[in-house]
Amino acid sequence: MGIDFKGQVCVMIHCGSRGLGHQVATDALVAMEKAMKRDQIQTNDRQLACALIHSEE
């Protein structure tokens, strides 16, 4: 798990569906929605937001 020596401190962030995970997902959706509008991509569901494979997003 990446623990190499005694006294080492490891930090793991769980991005579940609450708190931080929700914020990460919301921020990603906003970025994808902007890319979709720019590239004229349409979906039937906001959670299917996407970007072109070679886009900066």
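Each reported figure results from applying straightforward, stated rules to the coordinates on display, with no laboratory input. Predicted, not measured: the structure shown is a model, and the values here were computed from it. Here Cβ is always computed from backbone atoms with ideal geometry, including for glycine, and neighbour counts include all displayed protein chains.
Per-residue ellipticity at 222 nm from helix content only, as computed over the chain with -39500 (n - 2.57) for each DSSP H run of at least four residues, stands at -12000 deg cm²/dmol.
The distance between label points at GLN8 and VAL30 comes to 3.6 nm (points 7 Å beyond Cα on the Cα→Cβ vector). Taking the fewest neighbouring Cβ atoms within 10 Å as the starting point, the ordered list for CYS50, CYS10 is CYS10, CYS50.
The calculated P(r) of the chain, using every Cα pair and 5 Å bins from 0, goes 4, 16, 19, 15, 11, 11, 8, 7, 5, 3, 1 in percent.
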